[in-house]
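Only one structure is covered here, and it is reproduced in the block below.
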Amino acid sequence: MRVLGIETSCDETSAAVVEDGRILGLGIVSQADVHRAYGGVVPELASRQHLAAIAPVVSEALEGAGMRAADLDLVAVTRGPGLVGALLVGLSFAKALAWRQRLPLVGVNHLLGHVWANALSGWTPAFPVLALLVSGGHTDLLRLDGPAPAQTRILGRTRDDAAGEAFDKVARMLGLGYPGGPAIEHLAREGDPEAVRLPVVARLRDSLDMSFSGLKTAAYDLVHSARPPAPADLAAVFQARVVAELVSRVRAAVERSGVRTVLVAGGVAANGALRTALAEAARRDGFTLHVPPPALCTDNGAMVAQAGLAAFAAGERADGSLEPLPSIEAFGWKEAPVAQGGRAGSRRRSGPHGA
Ligand SMILES: Nc1ncnc2c1ncn2[C@@H]1O[C@H](COP(=O)(O)OP(=O)(O)OP(=O)(O)O)[C@@H](O)[C@H]1O
Ligand SMILES: [Mg+2]
């Protein structure tokens, strides 16, 4: 099937044509330059940028694939989580296109989009799998028992900031600009990951939950202390600690669930230190690891097309009444009890993240 995927949940307008796990055409317009001055995504500005970019981006995807809209078989569009005004732009465009071309339409959970990016880069779908979703707005450990969106359960989650959000905020403290993750990674190469100490993340017994806000606050205190560390050292220490927290939870999830395939997903998965540390853990613990190439880790239409195809094959259908779901809670994912008698703890956040 030739699937058009449309993504407008945050600050990238993107569309792609995907067929048989191959990207035939892709357009991405990033708004990073627009939001940089504010240190984070400004929702109203994001909506306006999506409006300007959506038609050219879809045209670019179709032209890259050498197709017209009439050649498509399915339209997939992100319906959330994300910024409501931004989501509405993609949804409206997708609905109009599907109606005009008499094509089936399917709404996609953006987070599953990130996970399904792996099917565009070497993962042959087989279940159950674990997924570490680590992005700008979310940090979750998921278990997928099948391709249908409803077969996803949450094993653990950040109790406060998403990892990407923490990267962005520490980068802002260091005057590195937005988005912060790539800037921290770059600076960290010149730093000593053991130059200073950051506090140990408190662990809840039997929980796979994570936490990043304590590290962020400790970094803030160091930056504003009488003798602040060199920025490169702080970047290296902070990155190492975030990576250690993520890797430790993945290893625990593999051990407790017995599931031995892990998919990594989301913008922070582009981080080289995280990729290296996870590969090392996979080798040591004997699990199979899939991580998309960095360009497919951040938001793109291809991952939406791939996740949309899986949802469509599982029987999902949408029509002109499809509405945005800005918060992850609206998707109704259940929390899975952690094996060995553990319990996942109570939850707090999700949903759009801004400046
Ligand atoms: N090399 C990197 N190292 C660390 N973090 C990175 C890197 N590249 C991107 N990021 C982070 O990834 C995040 C963006 O990822 P993504 O596009 O998946 O998030 P989002 O779409 O804004 O959030 P969500 O997917 O949760 O709705 C930003 O926080 C950015 O700093
Ligand atoms: Mg994303």
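Computed quantities for the displayed model
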{"item": "Degrees, to the nearest 10: 84-101 long Cα axis against longest axis of the chain", "result": "30"}
{"item": "Residues with amide H under 5 Å from that of Asp299, placed H, sequence gap 5 or more", "result": "none"}
{"item": "Average projection area in nm² (convex hull over Cα atoms of the stretch 231-320, one quarter of hull surface)", "result": "8.3"}
{"item": "Convex hull of Cα atoms in the stretch 1-115, direction-averaged projection (nm²)", "result": "6.6"}
{"item": "Dimensionless Rg over Rh [the chain; C-alpha; Kirkwood]", "result": "0.97"}
{"item": "The stretch 54-173: C-alpha pair distances exceeding 25 Å, %", "result": "38"}
{"item": "Segments 10-16, 134-140, 320-326 sorted - mean Cβ within 10 Å per residue, highest first", "result": "10-16, 134-140, 320-326"}
{"item": "By average C-beta atoms within 10 angstrom, highest first, the peptides 95-108, 68-81, 290-303, 193-206", "result": "290-303, 68-81, 95-108, 193-206"}
{"item": "Cα long-axis angle, helix 213-223 against the chain (0 to 90 degrees, to the nearest 10)", "result": "60"}
{"item": "Over the chain, relative contact order from alpha-carbon pairs under 8 Å, at least 6 apart, %", "result": "26"}
{"item": "Helix 231-257 vs. the chain, principal-axis angle (Cα, 0 to 90°, nearest 10)", "result": "70"}
{"item": "Residues whose placed amide H lies under 5 Å from that of Phe212, excluding near-sequence neighbours", "result": "Arg159, Asp160, Asp161"}
{"item": "Residues listed by number, the stretch 110-131, amide nitrogen under 11 Å from Ala279 label point at 7 Å toward C-beta", "result": "none"}
{"item": "Cα-based equivalent ellipsoid, the stretch 71-136: semi-axes from gyration tensor eigenvalues, Å", "result": "25, 17, 8"}
{"item": "Quarter of Cα convex hull surface for the stretch 126-291, i.e. mean projection, nm²", "result": "9.3"}
{"item": "Reachable lysines, given that their alpha-carbon falls under 24 Å from the alpha-carbon of Lys169 and they are not under 8 places away in the same chain", "result": "Lys216"}
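Each reported figure results from applying straightforward, stated rules to the coordinates on display, with no laboratory input. Computed from a predicted structure; not experimentally measured. Virtual Cβ from ideal backbone geometry, glycine too; neighbours counted across all protein chains shown.
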